[in-house]
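Presented below is the structure to which this report refers.
What follows is calculated from the coordinates using simple rules that are stated; it is not laboratory data. Computed from a predicted model, the values in this text were never measured in an experiment. We place every Cβ from the backbone using ideal geometry, glycine too, and count neighbours over all the protein chains shown.
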Amino acid sequence: MMEPIMNASHAGRQTGFTLSAGEVIRILLQNRVRVLLVALLFGLAGVGVALMATPEFVSEAKIMPEMNSSSNDVFKRLASVAGFAGIDMAETEGVDAVRPDLYPNVLQSTPFILYLLDRPVRTRTGQQQTVASFLDSHKSWSVGKFLARNEESQRLVKNTPGQPVELTRQQQDLAEEVQKRVSAKLDTRSGIITISAKMPDANVAAGVAQLAMDYLTQYVTSYRTEKARQDLQFYADRLSEARRRYQNAQKGVFEYNDQHRYMVVQAATMDKQRREAELSIAQTVYTELARQYEQAKLKVQERTPVFKVLEPARVPLIRVSPKRTVMLLLYTLVGLAVGSLLVLVIKLNLVERLKLLMAS
């Protein structure tokens with residue numbers, strides 16, 4: 001039993017072959033027309049793929065957020081002016097700003113994506129449509145996703161503020177697509193935030209970049225001033241109540257004086273003192289709330305961040321992908337490799353040699 005196996009192994013070694021580099025080059029040079037023909041076919045295929053590939057454009061916008069030092073200097077000047085009016089601004093100093101390194105996370109949040117999907121944009125052909133419909137028409141959907149999209153097209157989820165977010169399959173796919181296409185980057189040295197949007201349409205890319213920049217600035221402004229605006233609204237409501245109280249007390253004193261002008265009665269004097277005391281208290285409360293209200297307005301102004309637009313969103317003129325020259329070269333190189341391999345296989349008749357090895 002061992003003897004046939006040894007004979008087959010010996011025969012395999014006898015039929016084995018090795019090629020030197022010079023022999024391989026000689027074979028390829030002799031069949032260079034075939035190799036070049038295969039490379040040409042692959043190159044043409046690369047040209048077709050490059051022409052059919054959807055072009056992608058990138059639009060960038062750059063903004064510089066406010067730094068703490070500058071805002072404190074401005075607020076100190078406001079505080080010095082307010083001091084002449086008797087308004088104490090000492091409690092509002094040292095307000096920490098929202099860290100700019102957290103700004104890029106805003107453009108990856110679900111609320112921003114849902115906001116962006118509903119915004120209208122104008123394509124290069126002049127057609128106006130929402131970002132969701134634009135991405136939906138340019139996305140390559142698989143059969144499963146296409147069927148799921150048709151099943152859920154009749155059910156559009158409208159999320160209620162303060163409640164858990166519910167997304168359909170289509171919204172989830174579009175949200176993932178937006179997260180890949182819209183981003184922000186912070187330069188820690190200069191403090192400049194670069195917002196970029198990548199879209200199959202140049203005008204849409206610029207429009208989405210502008211929408212992202214507007215949303216970011218409005219979000220940060222709302223975040224920074226939310227507490228101050230709530231305080232301002234609270235003081236405005238209390239000031240309105242105090243004004244009505246003061247006016248009613250003032251009216252009551254005047255009416256009492258008119259009704260008891262010539263009467264000197266002890267009870268009447270007591271009632272007059274009570275009304276005057278109420279008027280004094282109402283006037284004091286009204287004056288204090290008016291001071292707090294003016295202070296709250298200064299707080300809103302102080303906490304409102306300033307964004308300097310260094311580079312507005314522009315319509316890109318040059319696409320970033322596909323790289324047609326690179327694709328042509330890549331396909332041509334693959335064609336050369338495949339053509340060389342085919343020539344070697346055919347020339348050396350490797351299939352037949354393998355059969356001989358197996359038979360032996």
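Miscellaneous remarks
- Applying the Karplus relation 6.51 cos²θ - 1.76 cosθ + 1.60 with θ = phi - 60° to the range 305-318 yields 3J(HN,Hα) values of x, 10, 10, 9, 7, 7, 9, x, 5, 10, 6, x, 9, 10 Hz, where x marks Gly and Pro.
- Taking 7 Å steps out from each Cα toward its Cβ at residue 317 and residue 337 produces label points 3.8 nm apart.
- In nm, spacing of pseudo-spin labels at residue 251 and residue 218 (7 Å Cα→C-beta vector): 4.1
- Across the range 274-283, computed HN-Hα scalar couplings (Karplus, 6.51 cos²θ - 1.76 cosθ + 1.60, θ = phi - 60°) run 5, 5, 5, 5, 4, 5, 5, 5, 4, 5 Hz from first to last residue, x flagging Gly and Pro.
- Once the Cβ-Cβ distance of residue 294 and residue 54 is raised to the sixth power relative to R0 = 45 Å, the FRET efficiency obtained is 0.20.
- R0 of 22 Å, Cβ-Cβ distance residue 273-residue 237: FRET efficiency to nearest 0.05: 0.10
- Residue-count net charge about residue 229 - beta-carbon cut-off 14 Å; Lys, Arg +1, Asp, Glu -1: +1
- Cβ-derived FRET efficiency at R0 30 Å, residue 306 paired with residue 166, nearest 0.05: 0.20
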